Amino acid sequence: MDRHTPQSAAHLLTSCLLWAFALLLITAGSARAFISPYLGGFTGSYTLQLYSKSGAVYTRAIVEGDNGQPQFVVYDKSGTELEFIHEKYGDYADAKVVSGDYYRSWLERLETLRGTYPELEVVPAGSYPGSYTTVDGQAISAPSPDEETLTLLLRPEDQRYEADGSDLVLLEMPIDANETPFSSSRSILLGSEGQILYQTVHNIGFRVAYYGTGEDYDGGGQRLHDDTVYGPLVGAPLELGFASSGGRAVTDGEGKYAMHYTLPACPGFTFTYSTPVYLTLQYRRFNPHGSGNLPYTLWRPGYDFCNGLGIYNPTTAAIVASIATPIKYYSDFPVDLMVLSGKARIAGPDGSAIPLGQVTRFDGSRATLEREASTTYDFDGDGQFDTTVLGRLTEDAERNDLFQQAVEGETPEVQGVWLSSRGSGPTFDAEGQTEDLPDLTRLPDWSADFDDRALLSELSIEDFRDTDLYVFRESTGQLLIERRGLRESEIDGSLVGVNEGEQHFFYTLRIFGADGGQLRIVNAPNTDEEFAQFQRAEGIVDPDLHARNADHLRPGEPVRVMAINRASGYVGEVTTTLKSADD
């Protein structure tokens, strides 16, 4: 083992101090630092290296056609596009997608009503309203149909009694009753007049992609420089996961970013640095107890190589300088996530929210009913209403049978019926009596009460939380998401709950696609089983959507959200259209 003299040891210490000083200069950000040949005999040079990363942050978005409109296409169960149908333009401008089961259910209701009313009238919305009269010749004021109604089923002519039209319409249908889809059709494209434009055993949706150029719109593989980013996320902050100079960026109007940074020097050796990029997004939620934002953090692993071998001699320095910087692929962040948020309340008949309290109560009050005579009897079947009068059967002093007409405030015993086929009705004297006895008598009818009864008057907090949420896909009728109860934080990142002060409940449901969660920092679902567990944890109940290669929800799709309060039986629903994250 060599031994150093005190003098040589002092020289070595000085060299180390100078070497440390050189390292300090290099690490501090010197663009080019030359190592003195007196430091251990190094004769080369070291150049501080500058690094960079670039990429884009985007989500799936609708790919517009030549006319700037969405394009209807067919998808199979794996989410693969099978066929182009038509751009949402021209005859397809107002087209919409419904499920085959939905369409056929309306036709089944039509046949059910025909069984009860064989002579019912089927009227297209374009021919309604017409000239309608009651059975006794009065003009009927026809009620206005809903905006989406395409076919109306009207009561038979001989059963129209109310001039206000309250009994005229049996059913309004949002389909053309003359169109019949195939029994196997799963998804149907309807025109503005209800005509079937296209039907398939698969699913119909809009063409969507992350990026593409021309006809290359599938977004698969590696994004190229000339590709158009369809769903850019603008203003998204990114940060390098390494202590460095620089290493921060924000996406521009095209969702793209570029960051430049330096790393610690490596004079005399080589080193590979782990330089991941982190993206933190915020999405809104309906939660009165927080900021209203939820973070969604993703990361993209990356590496940078440092070569400091040029310090040894000029020849090595020249070789290092001549080595081309390796081509870096884009560090892109595909964000395959849509968020469904909303709030709802349980309302009474007047539209006001049901008060929340300690117990659940129902209004047990009943209507004040009165005895009345029906004016629509036709017992002899001659097409004319029979005459009916409230009163009682009695006799006079001479023991003659009479019919006594009831006066106001009196409780009638019967309603007398005089058949129209025998002529005019009875004539009463000044005391309201007649010897013209009715052809038959009936018990008096009760006045009609069509108001809702036994409605909620107060709802306990616990019963309010016993509300289930369901999300259905309109194009196929699939049940996608099921949430049992409104307990907060049951699902990772998705919040539901009750705001007692404002008497409503709120929900935030995350809907992931095929790439959902892959770049998460923790618990990223990388395997098929992990992705299936990930989807189940998010409340996705359809097993077909537990696989990555599946027909996942896309931007532009309508979904139906239904809420059922189990304690009261109250049901509410709303239809909304999913949008890409950049909308």
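The values are calculated or read from the model by the stated rules, or taken from the named source; none is laboratory data. If you're wondering where the values come from, they're calculated on a predicted model, not measured in any experiment. No Cβ is skipped: glycine too gets one built from the backbone with ideal geometry, and neighbour counts run over all protein chains shown. SASA here: full protein model, heavy atoms, side chains in, ligands and nucleic acids out. Shrake-Rupley method; radii C 1.70, N 1.55, O 1.52, S 1.80 Å.
Applying the criterion of at least 1 residues that are open to solvent by 60 Å² or more (accessible area, probe 1.4 Å) to the strands (runs of 3 or more DSSP E) found wholly in region 366-426 leaves 387-395, 401-405.
LYS88 passes every criterion in (1) open to solvent by 40 Å² or more (accessible area, probe 1.4 Å); (2) more than 23 Å from THR575 (Cα to Cα) apart from (2).
For region 198-209, what are the residues that are assigned to a strand (DSSP E or B) and closer than 21 Å to VAL63 by Cα?
If we filter region 198-209 for residues that are assigned to a strand (DSSP E or B), which is where we start, we get 198-200, 203-206, 208-209.
Once the filter is applied, which keeps residues that are assigned to a strand (DSSP E or B) and closer than 21 Å to VAL63 by Cα, region 198-209 yields TYR198, ASN203, ILE204, GLY205, PHE206, VAL208, ALA209.
The set of residues in region 480-534 being at pLDDT 80 or above and of a type in the set (Gly, Ala, Ser) consists of GLY485, GLY513, ALA514, GLY516, GLY517, ALA524, ALA532.
Condition check for HIS11 on (1) modelled with pLDDT under 50; (2) of a type outside the set (D, E, K, R); (3) open to solvent by 70 Å² or more (accessible area, probe 1.4 Å); (4) part of a strand (DSSP E or B): one failure, at (4).
Name every residue in region 422-435 that is closer than 18 Å to PHE385 by Cα and touching a residue at least 12 places away in the same chain (Cβ under 8 Å), in order of residue number. If you could, list the steps in order and put the result at the bottom.
Taking region 422-435 first, the residues closer than 18 Å to PHE385 by Cα are 422-427.
Answer for region 422-435, where residues must be closer than 18 Å to PHE385 by Cα and touching a residue at least 12 places away in the same chain (Cβ under 8 Å): ARG422, GLY425, PRO426.
Looking only at residues in region 138-165 that are under 35 Å from the mean Cα position of the chain (by Cα) and not aliphatic (A, V, I, L, M), which one is most open to solvent (accessible area, probe 1.4 Å)?
Residues of region 138-165 under 35 Å from the mean Cα position of the chain (by Cα): 143-154.
Now drop any that are not not aliphatic (A, V, I, L, M), which leaves 143-149, 151.
On the way: PRO143: 50, SER144: 104, PRO145: 52, ASP146: 104, GLU147: 187, GLU148: 127, THR149: 14, THR151: 5 Å².
Taking the candidates together, the pick is GLU147.
Could you check region 115-137 and list, in sequence order, the residues that are of a type in the set (Val, Ile, Thr), in contact with a Lys or Arg (Cβ under 8 Å, 6 or more places away or on another chain) and either within 26 Å of GLU193 (Cβ to Cβ) or surrounded by 15 or more Cβ atoms within 10 Å (Cβ to Cβ) (or both)? Write out each step before concluding.
In the first step, residues of region 115-137 are kept if they are of a type in the set (Val, Ile, Thr); the result is 116, 122-123, 133-135.
Narrowing further to those that are in contact with a Lys or Arg (Cβ under 8 Å, 6 or more places away or on another chain): 133-135.
Result: THR134, VAL135.
Suppose the filter is at pLDDT 95 or above, over 28 Å from the mean Cα position of the chain (by Cα) and open to solvent by less than 10 Å² (accessible area, probe 1.4 Å); does LEU168 pass it? In short, yes.
Does GLY212 satisfy the condition of being open to solvent by less than 10 Å² (accessible area, probe 1.4 Å), touching a residue at least 24 places away in the same chain (Cβ under 8 Å) and not in a strand (DSSP E or B)? Lay out the reasoning, then the answer.
Numbers: open to solvent by less than 10 Å² (accessible area, probe 1.4 Å): yes; touching a residue at least 24 places away in the same chain (Cβ under 8 Å): yes; not in a strand (DSSP E or B): no.
No.
Return yes or no: is THR112 among the β-branched types (Val, Ile, Thr), under 24 Å from LEU190 (Cβ atoms) and surrounded by fewer than 18 Cβ atoms within 10 Å (Cβ to Cβ)? It is true that THR112 is among the β-branched types (Val, Ile, Thr), under 24 Å from LEU190 (Cβ atoms) and surrounded by fewer than 18 Cβ atoms within 10 Å (Cβ to Cβ).
Looking only at residues in region 297-312 that are of a type in the set (Phe, Trp, Tyr) and part of a strand (DSSP E or B), the one that is surrounded by the fewest Cβ atoms within 10 Å (Cβ to Cβ) is TYR303. Considering region 503-539 alone, what residues qualify as being touching a helix residue (DSSP H, G or I) at 6+ places or on another chain (Cβ under 8 Å), part of a helix (DSSP H, G or I) and not aliphatic (A, V, I, L, M)? Selection gives PHE531, GLN535, ARG536.
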